1. If we count every other residue with Cβ under 14 angstrom of Gly53's Cβ, Lys/Arg +1 and Asp/Glu -1, where does the sum land?
2. State to the nearest 20 debye the size of the charge dipole of the chain about its Cα centre, where the only charges are +1 on K and R beta carbons and -1 on D and E beta carbons.
3. Go ahead and set up a Gaussian network model of the chain, Cα springs under 10 Å, then flag whichever of Asp30, Asp39, Asp20 fluctuates most.
4. In what order do Met36, Met21 fall by count of nearby beta-carbon atoms within 10 Å, going from fewest to most?
5. Return the label of the correct value of Rg and Dmax of the Cα atoms in Å, as calculated from the structure shown, out of (1) 31.8, 109; (2) 17.1, 60; (3) 16.6, 58.
6. Which angle from 0 to 90°, rounded to the nearest 10, does the C-alpha axis of helix 3-27 make with the longest principal axis of the chain?
7. Can you compute the label reach from Arg54? Point 7 Å from Cα along the Cβ direction, backbone N cut-off under 11 Å, restricted to the range 1-25.
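No value in this document is a laboratory result; all are computed from the given coordinates. All of these numbers come straight from a predicted model, not from anything done at the bench. Cβ placement follows ideal geometry from the backbone for every residue including glycine, while neighbour counts extend to all protein chains displayed.
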Amino acid sequence: MSVGKQLHQTLASLRGAKADMETYALSTEDKNAQKMYTDYDQQLENLINSFEGRVNYVEDLWITILNPLE
């Protein structure tokens, strides 16, 4: 598997985990658990945003390498 595919697979997994945290927060009535899941959701959002930057960097780098004159 290429690095690009691995990065996208990891990004999809992170997004899935974030969706799970949102679901868990909505499915419980326990206020402490809701806060915990919401906090995890926000941490994952920050991680996803950062990781997306890395994915974009790697993709741009590959485009530059494959098309050096463009």
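1. After counting each charged neighbour, the total is -3.
2. The dipole of the chain has a size of about 140 debye.
3. Asp30
4. By the 10 Å Cβ count, ascending: Met36, Met21.
5. (3)
6. 20 degrees
7. Counting only backbone N, you get 7-8, 10-11.
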